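Take a look at the structure set out below.
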Amino acid sequence: MKLLPIWIGITAYLSCFGIITSAQTETVTISIQHELKETETPKPISWVVVPDGSGRSLLVLQGGQVLVVPADRKQSKITSFLKLSPEQMIVKDFEEGLLGLVFHPKYRSNGLFYLYHTLQSPKRSVLVERRVKDQKKLALDPNHTRTLIEIGQPYWNHNSGVPEFGPDGYLYLSTGDGGKANDPHDFSQNTFSLLGKVLRLDVDQTEGALQYAIPDDNPFKDKPGYRGEIWTTGMRNPWRLHWDLPSKTLYCADVGQHQKEEINLIKRGGNYGWSFREGTGEFSLKNRKPSPEIKFIDPVFEYGHDEGTSVSGGIVYRGTKHPELYGHYIFGDWGTGKCWAIEVKNNQTVSKKYIEFTLDGEVINDLPEFVNGKPQSPFKPVNFCMSAQNELVLLDWQGMIYFTN
C-alpha cells in the first residue's frame, strides 16, 4: 500500500516546527542517462578515474571485480582490470566485499594503487598495495602484492570503505565501529582500537614491524593509550571519505543508527561523538556519559529518519555542466533515494538544495513507498563520483551507472 498521503502529512506537520524546511529549500532538477547497459555491473561501489590522462576509468564492483571503462564509453569495449575471489571476501554480501580503490598520487612514476576489502577466517578488513606494470595496457604486476594493514572485524557490517589520499600525500582510511548495533564493544571511543576511526598512514615508508609509517604530525603519535595511526575518533560507519583538494577539505558521511545521518568535516584529532552521540543528539541506548573534558565536533549537516535512513557520501562538484552546483558537496540517502547539495563555508553549511534526477523525463528519486515501515526507493545511491571531465557519475547499488546530461 502506498503511504504517500501519510508521508506528505508528516512532512507538513514537521515543517511547522522547522524540522523539515523543504518549502524553503530550492530543488535542482538534473537529467541523467543510464550508461554501460550492455555490461553486467552488479553492486557498483566506486568510479575511479585512471590518473594518466587517457580518460579511462575503473568501475569497482563490490563482488570483487574491477572493470576498465575506456574514454569512449559507447564505442569501446569494456574489459576486466582485476578480479578478487568473492568466496575469500564475503559471507554477507550486504556490506562485505571490495569496498574501495585509490591510486597513489605518484601513480605515473610508480604504478601503485591500493585496494580496501574484507577477508574471512578470521574476519578482517585489509588495505593492499598493488602495481600496474604496463600503464598503457593497464596490465597488473602479478608479483607485487603488499598487505599494509589488517583490522580485525567482529561482525559482518560497518566495514566502511573508499580510502583517499590527501593533499599531504598521506592515505586516509575510514573504519566502522565493528558492526552489529549500539557499538557493543565501545570501539569508536577506544583509543587502543583502530575501529570507528579515520586513520592517516604514510604508505611510502615503513616503521618498525609496520608496513607503513605513522606521520610525525599525527595527533596521537607516541601518546600513551593511543594508536598513533588515529586521525579522528567517534565514527560509526563512514560511507565515504572525500578530499576536496581545491578547498583542502576532508568530508565524511557517517551512517547513523536510528536517529540521525551525518556529514562531517574531518579535523585533526577530532572526536565526532559516536557512541555517546548520534548526530548532535545524545545516543540514549548507551547508559554512559562522556567525560567533561571531551569536546565533540558537530556535523556540518545532519538529517533525521523522517528524510532518510542511510547516508551515502559523495563529492564536491567541480564540473561545468551544472554551475548552480559548483563547489557544493553532493550526497544522497541509500534508503529513500533523496539527494542533497550543500554549500559549506567557514566550517558551516550556508545553503542546501534538494536534487531530483530525471531519467527519460521521469524523476527516479521521488518520495519513496514504504513497506513494513521501511522506504522502498527505485533509486539506491551508493556513491557519487567524478568522471574524467569532472562531471557527476551516480552509482546505484542495484547495478545502474548514471551520467548527467
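The values are calculated or read from the model by the stated rules, or taken from the named source; none is laboratory data. Remember, predicted model here, so these are calculated numbers, not experimental data. Because the Cβ atoms are built from the backbone with ideal geometry, glycine has one as well, and the counts that use them run over all protein chains shown. The accessibility values were calculated without ligands, DNA or RNA, using every heavy atom of the protein model including side chains. Shrake-Rupley method; radii C 1.70, N 1.55, O 1.52, S 1.80 Å.
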When the range 229-287 is examined, which residues are found to be open to solvent by 10 Å² or more (accessible area, probe 1.4 Å), assigned to a strand (DSSP E or B) and in contact with an Asp or Glu (Cβ under 6 Å, 6 or more places away or on another chain)? Trp243, Lys260, Glu262
Of the residues Lys83, Lys43, which is at pLDDT 95 or above, at negative phi and under 23 Å from the mean Cα position of the chain (by Cα)? Lys83
When the residues of the range 302-317 are narrowed to those that are part of a loop (DSSP other than H, G, I, E, B) and in contact with a Phe, Trp or Tyr (Cβ under 7 Å, 6 or more places away or on another chain), which ends up least open to solvent (accessible area, probe 1.4 Å)? Tyr317
How many of the residues in the range 369-397 are in contact (Cβ under 8 Å) with a residue 40 or more places away in the chain and outside any strand (DSSP E or B)? 10
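Could you list, in sequence order, all residues of the range 211-226 that are of a type in the set (Lys, Arg) and open to solvent by 80 Å² or more (accessible area, probe 1.4 Å)?
Pass one, the range 211-226, residues of a type in the set (Lys, Arg): 221, 223.
Within the range 211-226, just Lys223 meets the criteria.
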Quick test of your reading of the structure: Gly332 fulfils all but one of (1) in contact with a Lys or Arg (Cβ under 6 Å, 6 or more places away or on another chain); (2) open to solvent by less than 50 Å² (accessible area, probe 1.4 Å). Name the failing condition by number. (1)
Given (1) of a type outside the set (Val, Ile, Thr); (2) in contact (Cβ under 8 Å) with a residue 40 or more places away in the chain; (3) surrounded by fewer than 17 Cβ atoms within 10 Å (Cβ to Cβ), Pro323 misses just (2)
Just one of the numbered conditions (1) modelled with pLDDT of 95 or more; (2) surrounded by fewer than 16 Cβ atoms within 10 Å (Cβ to Cβ); (3) within 26 Å of Pro299 (Cα to Cα) is not true of Lys374; which one? (1)
Please enumerate the residues belonging to the range 177-202 that are of a type outside the set (S, T, N, Q) and touching a strand residue (DSSP E or B) at 6+ places or on another chain (Cβ under 9 Å). Gly178, Leu194, Leu195, Gly196, Lys197, Val198, Leu199, Arg200, Leu201, Asp202
Of all residues in the range 98-116, which are more than 20 Å from Asn143 (Cβ to Cβ), touching an Asp or Glu at 6+ places or on another chain (Cβ under 9 Å) and open to solvent by less than 20 Å² (accessible area, probe 1.4 Å)? Gly100, Val102
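Could you please let me know if Phe165 is aromatic (Phe, Trp, Tyr) and closer than 30 Å to Pro246 by Cα?
Values: aromatic (Phe, Trp, Tyr): yes; closer than 30 Å to Pro246 by Cα: yes.
Here the answer is yes, as Phe165 does meet what is asked.
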Out of the residues in the range 31-73 that are among the small types (Gly, Ala, Ser) and part of a strand (DSSP E or B), state the one that is most open to solvent (accessible area, probe 1.4 Å). Ser31
Spot the failing condition for Ser76; the list is (1) in a strand (DSSP E or B); (2) closer than 16 Å to Lys136 by Cα, and only one is missed. (1)
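Under the condition of being among the hydroxyl-bearing types (Ser, Thr, Tyr) and more than 19 Å from Leu127 (Cβ to Cβ), which residue from the range 147-190 is most open to solvent (accessible area, probe 1.4 Å)? Don't jump to the end; show me each part of the working.
First, pick out the residues of the range 147-190 that are among the hydroxyl-bearing types (Ser, Thr, Tyr): 147, 155, 160, 170, 172, 174-175, 188.
Filter again for more than 19 Å from Leu127 (Cβ to Cβ), leaving 155, 188.
Details: Tyr155: 56, Ser188: 0 Å².
Taking the candidates together, the pick is Tyr155.
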Can you name the residue in the range 117-146 that is of a type in the set (Lys, Arg) and in a strand (DSSP E or B) and, of all such residues, is most open to solvent (accessible area, probe 1.4 Å)? Lys133
Per the filter on the range 191-210, residues open to solvent by less than 20 Å² (accessible area, probe 1.4 Å) and either outside any strand (DSSP E or B) or aromatic (Phe, Trp, Tyr) (or both) are Ser193, Leu194, Leu195, Gly196, Lys197, Val203
Read through the list (1) charged (D, E, K, R); (2) farther than 25 Å from Leu59 by Cβ; (3) part of a strand (DSSP E or B), then give the number of the only condition that Asp186 fails. (3)
